[in-house]
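Structure first, commentary second.
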Amino acid sequence: YGLVKEVEALHLQASSLKKCVDAQTALFVQPVEQLRLFSSTMQRKQPEVDGEAAYWEGGEGKAKDVTLAALGRLKRRLASLAEDLETYLEKPSAELSYFIGSADY
């Protein structure tokens, strides 16, 4: 009887931990979508975009780290990409200049 209670308690604890991990994992969804958007806008090669997104999807790296530290690293990466995108749009390639209608390319 005591063993059954322990197993039930462990099952409840594991269920609670899974809910916490799922909640943390959800925090990575929107930043990964932004990462894909920024990278695609800068016309990075699709395998490169997919590889970086895969690294972050569901958590950082192969370990799928979903800690706040990992989320912070992802947000710093996004900030860096946002700066790169801003620079890219300020000095567009000839192809992008043509597309957006800029005459000074």
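The values are calculated or read from the model by the stated rules, or taken from the named source; none is laboratory data. Predicted, not measured: the structure shown is a model, and the values here were computed from it. Cβ atoms come from the backbone with ideal geometry, glycine included; neighbour counts cover every protein chain shown. For accessibility, only protein heavy atoms count, side chains too; no ligands or nucleic acids. Shrake-Rupley method; radii C 1.70, N 1.55, O 1.52, S 1.80 Å.
A few remarks follow.
- Checking each residue in region 1-45 for being surrounded by 10 or more Cβ atoms within 10 Å (Cβ to Cβ) and within 28 Å of Ala94 (Cβ to Cβ) picks out Gln34, Leu35, Arg36, Leu37, Phe38, Ser39, Ser40, Thr41, Met42, Gln43, Arg44.
- Pairs, first part of a helix (DSSP H, G or I) in region 82-102, second among the acidic types (Asp, Glu), C-beta under 8 Å, six or more apart: Ser97/Asp104
- Among the residues of region 51-86, those identified as within 13 Å of the chain's Cα centre (by Cα), over 19 Å from Ala23 (Cα atoms) and open to solvent by 60 Å² or more (accessible area, probe 1.4 Å) are Arg76, Arg77.
- Complete set of residues in region 5-33 that are within 28 Å of the chain's Cα centre (by Cα), of a type in the set (A, V, I, L, M) and part of a helix (DSSP H, G or I): Ala14, Leu17, Val21, Ala23, Ala26, Val29, Val32
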